[in-house]
Amino acid sequence: MRRTTKPKLIRTKFMRYVSVSYSYSPDFNSPQSWFKRTAGYAGILECLSAANEVISVKQINYEGDAAHNGVQYRFVNLNREKTHFPFKLNRFIKSLKPDVIIIQGLHNPVQLILLHLILNKKTKIIAHHHAEKPWQGYKKNIQRLADRFIDAYLFAAHDMGMEWVKNGNMASSQKLHEVMEVSSRFYPIDKTQAKQKTGVIGEQVFLWVGRLNDNKDPLNVVKAFLKYNRSNPEARLYMIYHTDELLAEIQYLLNDHKNKGAVQLIGQVPHDDLLYWFNSADFILSGSHYEGSGTAICEAMSCGCIPIVTDIFSFRMITDNGKCGILYEPGNETALLSALMLTAKMNVQEKRDKSLEYFQSNLSFETIARQIDEIAASL
């Protein structure tokens, strides 16, 4: 169902990368379950392995080594209970003799400082942002101290990193690099084939994929779409979600609307099936007020969906400042309605081609890995 290709990276020099996550994930009890869960992230390491040695260190409910798509995985049981002082885990990381360490996440400053103290001085540390917000109060000083030992930061959008600088958690913007956090293994397929699988109908098909919580703001999306549907009755919105915090409120809105069938509440679907849903849709909708990157939007664009999303830092980067779709003010129902109105006059094929082209050149696993490799070589 999914394509996996071995990328051709611009070779700089062979390096040993070690990706480190300090969190413990007890719900995963086999390498296979972890590979499936992290497919959207692991592809970056897999592409890095085309020209380098790549090791991933992770603590799940399993111990042992495994190799998967070019990456060597070390599943260890070290310091699970003493997460702030992982002396054994750090010694293990050092024993791997890395040239470059990629720390996954920015909320482990104490662990990072302790690791730096025992590393070879030539080893470089890259910190990869994963939606974390900068700490406040005394904790901010710990992140600022850790900043001294970090050689480069990866943020999905440069402006997101600048918030850390302005807040005082990072000393300057000199180490900031704009690199996407996640990518997609999905790809375009025939739309007719996809619709046969999903049962999707409508002259204009809009898709929502995400939690039904306040940050995602599905109520604003549904309200605006219902108004749009009055003048565009053949348009359809399909909503896929795996949490239902605001489901009752959405159902109330739909029950009070004469054409409530215009919005279909699909619920949860297997992740692999999203290939067909993304390829059934013309547009991907989001109402998010904050995102570390935007996994669903990235996956949708890899299938040719046109993004109609909020004007937030990460979505500006993902959509090339709106050139691939339309940006609108978060929480603004009128602004979203105006954006929806524009879709009726849009050259859909032209925007679809632009989305696919931008994904391949800026958001693909191969591109992200090449960017990381070039950054590491420059340190």
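The values are calculated or read from the model by the stated rules, or taken from the named source; none is laboratory data. On a predicted model such as this, the values are computed, not experimentally measured, just so you know. Don't worry about glycine lacking a Cβ; one is built from the backbone with ideal geometry, like all the others, and counts go over all protein chains shown. Each accessible area value is taken on the protein alone, full model and side chains, heavy atoms only, with ligands, DNA and RNA left out. Shrake-Rupley method; radii C 1.70, N 1.55, O 1.52, S 1.80 Å.
Which members of segment 232-272 meet the condition of being in contact (Cβ under 8 Å) with a residue 24 or more places away in the chain, surrounded by fewer than 14 Cβ atoms within 10 Å (Cβ to Cβ) and part of a helix (DSSP H, G or I)? Selection gives E249, D272.
The set of residues from segment 246-277 being of a type in the set (F, W, Y) and out of contact with any strand residue (DSSP E or B) (no Cβ under 7 Å at 6 or more places or on another chain) comprises Y252, Y276.
Note on segment 1-19: residues that are surrounded by fewer than 19 Cβ atoms within 10 Å (Cβ to Cβ) and modelled with pLDDT of 95 or more amount to 2. Residue count for segment 273-285 under the criterion of being of a type in the set (S, T, Y) and open to solvent by less than 10 Å² (accessible area, probe 1.4 Å): the result is 1. Among the residues of segment 147-190, those that are polar (S, T, N, Q), part of a loop (DSSP other than H, G, I, E, B) and within 20 Å of I312 (Cβ to Cβ) comprise N169, S173, S183, S184. Working only within segment 341-377, note down all residues that are open to solvent by 80 Å² or more (accessible area, probe 1.4 Å) and free of Cβ contacts under 8 Å to residues at least 24 places away in the same chain. Matches in segment 341-377: L342, K345, N347, Q349, E350, E357, Q360.
Scan segment 306-340 for residues that are without any contact (Cβ under 8 Å) to a residue 60 or more places away in the chain, closer than 19 Å to M180 by Cβ and either basic (K, R) or assigned to a loop (DSSP other than H, G, I, E, B) (or both) and the total you get is 9.
Put simply, of Q111, Q143 the only residue that is open to solvent by less than 50 Å² (accessible area, probe 1.4 Å), assigned to a helix (DSSP H, G or I) and in contact (Cβ under 8 Å) with a residue 40 or more places away in the chain is Q111. Among the residues of segment 309-334, those identified as of a type in the set (A, V, I, L, M), surrounded by fewer than 24 Cβ atoms within 10 Å (Cβ to Cβ) and closer than 18 Å to E350 by Cα are I326, L327.
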